[in-house]
Amino acid sequence: MKHILLLGAGKSATVLIRYLQQLAIEKHWRITIADGNLAALRAKVAEHPLVSTVELQIENAAGRKALIAEADIVISMMPPALHEWVALDCLALHKHLLTASYVSEAIKALSKEIADKQLLFLCEMGLDPGIDHMSAMQLIARIRAEGGTITAFRSHCGGLVAPESDDNPWHYKISWNPRNVVTAGKAGAVFKENGAISNVTYPNLFNTNHIVEAGDTSYAWYPNRDSLGYIPLYQLEEAQTFIRTTLRHPAFCAGWKQLVDLQLTDESYLYQTDGVSYAAFFEQHFATHQLTSRVNEALANDALREQLLFLGLQDNASFINRGQCSCADILQQLLETKLVLHPTDKDMIVMLHELSYTIHEQSFLVKSLLEVKGEDHLQTAMAKTVGLPLGIAARLILEDRITVRGLHLPLIPAIYTPGLQELNYYGIVFRETTTAAGVL
């Protein structure tokens with residue numbers, strides 16, 4: 001009997017859990033799901049004789065190793081910094097490992113040993129990174145098979161609120177890790193555009209002049225981290241433009257730029273918040289960092305004023321009461337309250353690839369668009385697109401339909417071809433349009 005172990009059952013794991021439960025019934029496989037919060041875990045997992053729930057604090061090395069030892073394959077949905085512990089255990093115990101996170105330098109350092117032991121460690125097998133890699137590589141391979149030369153590549157992805165649930169001035173609701181929302185972009189970004197390397201610092205990242213049309217909607221985009229590292233992986237050295245981005249509503253980017261300028265995402269300065277209202281915190285923060293004139297400029301803009309008031313700029317009735325914490329901590333608390341997905345709300349994933357290419361000196365532009373809506377605040381589009389690739393990969397490996405070994409991202413046909421075929425079955429399907437003489 002095959003046995004899959006899932007470590008971590010947070011926001012992005014709900015659809016994966018449902019998939020694994022169905023897999024247990026269909027294939028008569030064992031599933032074990034471990035998380036630090038057993039009560040919350042059991043609330044997500046329907047009872048079934050082949051599905052077990054276990055309380056595990058991931059720092060508990062003995063408990064972690066005991067669970068991994070019993071599994072055939074491990075899916076880690078833990079925070080990225082904790083994957084190394086799981087990876088080392090999987091290596092020692094000869095178990096395959098799947099994650100949705102960016103592959104770390106620590107795991108890259110294990111690549112020879114992973115290959116020597118004939119294991120598959122498949123990283124970046126989620127949404128972004130994950131589905132973006134698979135769909136882009138399939139598209140790139142097809143263009144090249146037709147004799148095309150790719151001159152520009154842009155890949156956009158956003159976790160957004162569905163239009164019918166968009167009811168706040170930020171035009172956004174949180175469907176994934178809220179801390180990641182607060183800290184997004186802090187490392188800045190580097191990418192290639194028109195043959196030149198561009199480095200963008202955090203204060204300049206949320207530029208509302210970057211607009212792209214996806215379907216019938218205009219979105220703002222900001223560049224992700226280090227796009228350059230993916231140029232050799234995608235084998236697109238000939239492309240004059242190569243950018244990976246995040247999509248947001250234009251109003252979100254305008255507002256978030258103000259939060260950055262007002263140092264409200266700062267993690268270095270600590271405030272005592274017991275008995276302090278949000279309004280008092282904002283007033284203290286702006287005075288401490290001599291930002292009063294800057295916030296007054298923001299308040300002169302009606303849209304920005306509405307956003308800041310929505311977050312609690314003048315809220316004297318609600319108190320923080322979290323001891324010492326940073327601006328980023330306070331902002332996260334506000335976002336979790338103000339931008340929460342309510343039970344009937346739906347989120348939406350939008351992914352768009354834009355590729356310019358030439359065939360026999362004629363130019364083309366292809367756009368490949370994915371739009372996925374969630375069911376409700378638990379079975380979200382984010383959870384579906386992050387979790388399903390992991391569940392599907394586990395199934396394909398255990399069925400010997402993915403047989404490659406070593407440390408991989410889903411960049412090769414042996415992984416992305418069966419992976420995308422299965423995802424299509426669950427409604428994760430791209431729509432393409434190609435126009436002649438298109439240029440990015």
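Only the coordinates and a few stated rules stand behind these numbers; no lab work does. Quantities reported herein were computed from a predicted structural model and do not represent experimental measurements. Every residue, glycine among them, receives a Cβ derived from its backbone with ideal geometry; neighbour counts consider all protein chains shown.
Here are the numbers for this structure:
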quantity	calculated
Cα convex hull of the range 262-338, projected area averaged across orientations, nm²	4.6 nm²
Cβ-Cβ FRET estimate between residue 94 and residue 207, R0 fixed at 51 Å, reported to 0.05	0.60
Nitroxide proxy distance, nm - points 7 Å out along Cα→Cβ at residue 412 and residue 434	2.7 nm
Distance in nm between pseudo-label sites at residue 108 and residue 359 (7 Å out along the Cβ direction from Cα)	3.5 nm
Peptides ranked, highest mean first, by Cβ atoms within 10 Å: ranges 393-406, 49-62	393-406, 49-62
Residue 324/residue 66 FRET efficiency (R0 45 Å; Cβ-Cβ; nearest 0.05)	0.75
For the chain, convex hull of alpha carbons as volume per residue, Å³	154 Å³
Rg(Cα)/(2.2 N^0.38 Å) for the range 3-123, N = residue count	1.01
Computed lengthening from residue 403 to residue 47, 0.36 nm per intervening residue step minus Cα-Cα distance	125.0 nm
Expected 222 nm ellipticity per residue - DSSP helices of 4 or more, -39500 (n - 2.57), all of the chain, to 500	-11000 deg cm²/dmol
Förster-model FRET efficiency, 35 Å R0, residue 283 and residue 237, C-beta, rounded to 0.05	0.10
Sorted largest first, extent of the range 92-164 alpha carbons per principal axis (Å)	44, 42, 18
